[in-house]
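Have a look at the structure below, then the notes.
Computed from the coordinates by the stated procedures, all read-outs in this text should not be read as laboratory data. Note that the structure is predicted; figures quoted are calculated from it, not measured. Heads up, the Cβs are rebuilt from the backbone with ideal geometry, glycines too, and the neighbour counts pull from every protein chain shown.
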Amino acid sequence: MTRETLPNRRTSISFDLFYGQMLYSVTFAVYPKTMRVAEIFLTLDRKVGAAVEGIARDSLILASFALQHGASLEELRAAMTRDHAGAASSVAGAAIDAVADTLAEMIGDAPA
């Protein structure tokens with residue numbers, strides 16, 4: 001599938017995510033007509049430049065490419081590594097879960 005381009009101006013939603021004893025800022029944008037998630041970004045609020053931040057940021061850049069090429073947020077969510085209780089095993093997985101939950105709250109759907 002070809003990449004679905006994003007409008008130059010788009011609404012972004014940001015929130016804080018606490019994971020692994022670190023505070024992250026997560027920002028995501030949606031396609032305006034469909035409210036489908038188009039991109040997800042993450043930054044570590046401290047220790048900027050730390051290896052963990054680079055890994056997490058790169059993971060979500062790859063997730064954004066997948067979303068722009070037709071993957072759904074739920075497909076990405078299902079593909080994330082999880083612990084025995086079903087919780088995300090990485091900050092990237094936790095960010096994807098939090099984006100899905102935030103979007104569900106915004107549009108009035110129950111979390112998946």
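Packing here is the average count of other Cβ atoms within 10 Å per residue, and on that basis the peptides 73-83, 89-99, highest first, run 89-99, 73-83.
Under Stokes-Einstein, with the Kirkwood radius over Cα pairs as Rh, the value for the range 12-107 at 37 °C and 0.692 mPa s is 244 µm²/s. Relative contact order, whole percent, for the range 27-86 stands at 30, derived from Cα pairs under 8 Å and 6 or more residues apart. Counting only alpha carbon atoms, the long axis of helix 91-107 and the longest principal axis of the chain meet at about 40°.
The peptide list 63-69, 21-27, put in order of mean Cβ contacts within 10 Å with the highest first, becomes 63-69, 21-27. What relative contact order, as a whole-number percentage, does the chain give when Cα pairs under 8 Å and 6 or more residues apart are counted? Once divided by the residue count of the chain, the mean separation gives 21 percent.
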